[in-house]
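The structure appears right after this line, and notes come after that.
We did not get these values from a lab; they are worked out from the coordinates using the rules stated. Note that the structure is predicted; figures quoted are calculated from it, not measured. For neighbour counting, all protein chains shown are included, and Cβ atoms are generated from backbone atoms with ideal geometry for every residue, glycine included.
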């Protein structure tokens, strides 16, 4: 990154830099993979580029469906230009199929299709280990108004409909995903962060048997190997679909 741009923030997977336009930022995707609140870490060459390209394509698909996002354009394969936002410190997780923490915290068996999407909200706070949080607690802490929370929940449900259908077209099952939102300089709520195999569980539907083939960060979490191959396969399917549709 050119020295004239100042580092504003560095997270586990991305660095955010200033932009010539004060209302925008440059987001550089890192090759780092982290799991279990960064207790497990590793670097995978090319991972940042894959997540940047996958996120950009998905943001473009959502923008076409009138979802307000922070995405502006790609600067190069590793860097996207985005609108500058004030991050809302909540992680919105939508689940279509039971897996992961939901099964550890309830009696629901892994792989159970949920009769309707379940939305879980977590407080974005590393010190507290990103705890599951209720609407009343969100109100109590003045994180955001109940009106804005409702707006975010409705947006998340709309995004799920669009993404579920899109991923099915490329033979992927959208099991669950995590979203983050923020306010732009005019106080509009925008979808932010990234949408990639780092924060979506995606299972391969082109399998001929009942074996689950994860094409997402579970390959790293569960020591399955083949992370870069899985992410590359997702990008390949997205690009092929977009070329022909």
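For region 174-245, evaluate the Debye formula with one uniform point scatterer on each Cα (no solvent term) and list log10 I(q)/I(0) at q = 0.14, 0.16, 0.23, 0.26 Å⁻¹, rounded to two decimals. Rounded to two decimals, the profile gives -0.56, -0.69, -1.06, -1.19. How many nm separate the modelled label positions at residue 36 and residue 75, each set 7 Å beyond the Cα in the direction of the Cβ? The modelled label-to-label distance comes out at 3.5 nm.
Mean-square fluctuations from a GNM of the chain, with a 10 angstrom spring cutoff on Cα atoms, peak among 185, 107, 97 at 107.
For region 7-83, the calculated P(r) over all alpha carbon pairs, in 10 Å bins from 0 to the bin holding the longest distance, is 19, 45, 31, 5 percent. With the Kirkwood sum run over all distinct C-alpha pairs, region 81-220 has a hydrodynamic radius of 16.2 Å. Taking every alpha-carbon pair within region 112-169, the share separated by more than 20 Å comes to 39 percent. For the options 103, 52, 200, a Gaussian network treatment of the chain with springs between C-alpha atoms closer than 10 Å singles out 103 as fluctuating the most. Using a Gaussian network model of the chain whose springs link C-alpha atoms within less than 10 Å, name the residue from 62, 90, 102 with the highest mean-square fluctuation. With Cα springs under 10 Å in the chain, the top fluctuation among 62, 90, 102 is at 102. Each stretch of four or more DSSP H residues adds -39500 (n - 2.57); spread over every residue of the chain, this sum gives -9500 deg cm²/dmol at 222 nm. Here the ratio of the Cα radius of gyration of region 1-52 to 2.2 N^0.38 Å is 1.26. Label sites at residue 4 and residue 64, each approximated as a point 7 angstrom past Cα along Cα to Cβ, lie 3.5 nm apart. From largest to smallest, the equivalent ellipsoid semi-axes obtained for the chain from the alpha-carbon gyration tensor read 26, 23, 18 Å. Our summary gives region 164-245 a relative contact order of 23 percent, counting only alpha carbon pairs under 8 angstrom and 6 or more residues apart. Once C-alpha pairs closer than 8 Å and six or more residues apart are averaged by separation and normalised to the residue number of the chain, the relative contact order reads 17 percent. Remark: relative contact order (region 7-83) = 26 percent; criterion is Cα-Cα distance under 8 angstrom and separation of 6 or more residues. Applying 0.36 nm per residue to the separation of residue 44 and residue 236 and subtracting their alpha-carbon distance, the gain on full extension is 67.3 nm. Give the distance, in whole Å, between the Cα centre of region 56-125 and the Cα centre of region 126-188. For region 56-125 versus region 126-188, the Cα centre distance is 6 Å. Projecting label points 7 angstrom from Cα along Cα→Cβ for residue 21 and residue 101 puts them 3.5 nm apart.
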